[in-house]
Every structure is written in structure tokens, then in C-alpha cells.
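First comes the structure, then the notes that go with it.
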């Protein structure tokens, strides 16, 4: 049995009130895990509130039909007695990745517990629940709910299935295992609707997102004999199209549909945030190492980091770093 089960059992038994959060720019996996995990804590007789630093992207709002996800404000947390709260951090092994909420809670909560599946953070394995071979954090949450022998409601089944679909790229990424398919099958039996969930995630784009895609494709740079494609997502593009930053981020996978392309790089920046790099690869090109060397993290074939350099300097550095695979 994975040691994480005993770790989380002890952590839950020690506290009565919990805050649940996920990384900045939340995605379907983190959001789905939050919904299902809050339900588990409630069934176990605990009080739990979901608080994220960034709003839920509109296209993922279908996961939160009951408006359980709160967006951080100081007024919100002032209204709570958090002097003895504990924090669950989902879908990242670095607590600072939950954004402004972390800076506010620092020193105000007794402890935090990480549930994650990304590479890196080996120093955190012993005390938390980190399983890097899992397809998604939703897969881990499913196992935790099963461990506690609690019922998965249709609402939780929908949330978990959506997270698994998203983080496996519709069951095609390397960490998709036979176990992943078994879990997905069970979630469908419990009420998850594959068609409506897929439609909500992938077939619910705004017209402005298509305009943004056109601008991003126009920014395309081809490197290393057609093996690497670089895309850009800039504040000017967002301003011109009025599309959301999250809609633009989804385009990082597009170059991998081109024959011969084995690596895609997206250098991105929203109107107020830092420059970021997302990397996707096929095969044995491990970009998680590049991300961790730059203070980020992720998976072998999907990783990213924040950059302190200018936008164009970040582009040059990202191309040079990934180019080491092809020298």
C-alpha cells in the first residue's frame, strides 16, 4: 500500500477544518480533484472550503455547478476562523504555486498536505501523498476516496472523470495506464457522461479563441530541422482578440499534431502576470528536468516554469535549452 494513504489518514484525523486549493491558472484536473475531495472530507465529518487564487476558466465552470469554488480575497478569509485550519494543496508539489493565497496564509495555518502526481519534490514524498506514475491528481483522489470506503456521487464522478480526461489528453498521454481506464469506466457507471464532458472541455470554444489561435500560429517559429515549434501568447494578442489566457494556453499541443515535430514550446504572458514557458514533447524527451532547473516542474512530456527574463529573452533561452536534445 502506498505510504500516502497512512499519511493522509493521520493528517485528516488531526484537524477538523480544512482549506483546499490548487495551482494558479487552475485546470480541469485540479478543479475536479477539489470538488471530489471536498465531498470526501464532508462525508468524513470535516469542514472544508475550496479557495483558489485565480478564477475558474469559463470553459471549466461545468465542473462547479454548485458554486463550491471560492476565489481568494482577504475579506473572504477574514470571515473564517483560520487560526487552526489546515491546508490541502492539490495538483502541485510546491505550495508557492497556489499564488496569492499562499502568501496570505503563510504563518496562519497549522500545516499543509500535498496531493500530487508531478515529477520533482522528492523531499516531500515521505510526508505527503505524491504518486508520480498516476495519470492525474483526480486518479489519486479516486483512490483516496476508495481507501476511505466512501461513496462517489454523480457530481464527484463527473468532476473526477473530467480531470482524468483533461490530464491524459483524452487517454493518450504516456501516464495513461490500464488502471486509468478501469477508474474511468467505474466513474461512467457512477454517472459521468463522457460525451458532455468532452464537449464541455474541447468543443466549447469562443470565436475569440479561434482568432487568438490564428495570431499564435502566425507567431510560429520552426527550429532544429522541423523537430521543434515555438508559439507565443502575448498580452497584445489577448487585448486584440479579447480571448482568455486559458484558451490560448490550450494551443501548446497543436504543433505535436504535425508530422516530424517532437517538441512544442509556448512562451506566454497574460496582462498582469510573469512570463511563463510550457513545453510538450513526444517520446523520450524529458522536459521536466528543464522545468525543474528553472524552478518549475511537471511531467516527463509536459512541464513548465516561470521566467524572470524578458519575453524575447525567454524565447531564446527556451529554444536553446530544448535544443540540447538535438545536438
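The values are calculated or read from the model by the stated rules, or taken from the named source; none is laboratory data. Source: prediction; values computed, not measured. Cβ placement follows ideal geometry from the backbone for every residue including glycine, while neighbour counts extend to all protein chains displayed.
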### Message
I need a count of the residues in segment 126-139 that are touching a helix residue (DSSP H, G or I) at 6+ places or on another chain (Cβ under 8 Å) and without any contact (Cβ under 8 Å) to a residue 60 or more places away in the chain.
### Response
3
### Given (1) buried (at least 23 other Cβ atoms within 10 Å of the Cβ); (2) closer than 29 Å to residue 274 by Cα; (3) out of contact with any strand residue (DSSP E or B) (no Cβ under 7 Å at 6 or more places or on another chain), number of the condition residue 142 does not satisfy
(2)
### Task
Please specify each residue of segment 21-38 satisfying the condition of being surrounded by fewer than 24 Cβ atoms within 10 Å (Cβ to Cβ) and within 18 Å of residue 148 (Cβ to Cβ).
38
### Message
Against the definition (touching a helix residue (DSSP H, G or I) at 6+ places or on another chain (Cβ under 7 Å), surrounded by fewer than 19 Cβ atoms within 10 Å (Cβ to Cβ) and modelled with pLDDT under 95), how does residue 74 come out, yes or no?
### Response
yes
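In the set 108, 182, 151, which member is in contact (Cβ under 8 Å) with a residue 40 or more places away in the chain, loosely packed, with under 15 Cβ neighbours inside 10 Å and assigned by TED's automatic domain parsing to the domain that holds residue 76?
151
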### Summary
Filtering helices (runs of 4 or more DSSP H) wholly in segment 213-327 for at least 1 residues that are under 20 Å from the mean Cα position of the chain (by Cα) and under 28 Å from residue 132 (Cα atoms) gives 245-249, 288-293
### Query
Only one of 232, 227, 239 is in contact with a strand residue (DSSP E or B) (Cβ under 7 Å, 6 or more places away or on another chain) and within 16 Å of residue 214 (Cβ to Cβ); which?
232
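Is it true that residue 42 is in a loop (DSSP other than H, G, I, E, B), more than 13 Å from residue 115 (Cβ to Cβ) and either touching a helix residue (DSSP H, G or I) at 6+ places or on another chain (Cβ under 6 Å) or not assigned by TED's automatic domain parsing to the domain that holds residue 272 (or both)?
no
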### Query
With 79, 135, 96 as the choices, which residue is more than 15 Å from residue 22 (Cβ to Cβ) and either under 19 Å from the mean Cα position of the chain (by Cα) or buried (at least 17 other Cβ atoms within 10 Å of the Cβ) (or both)?
135
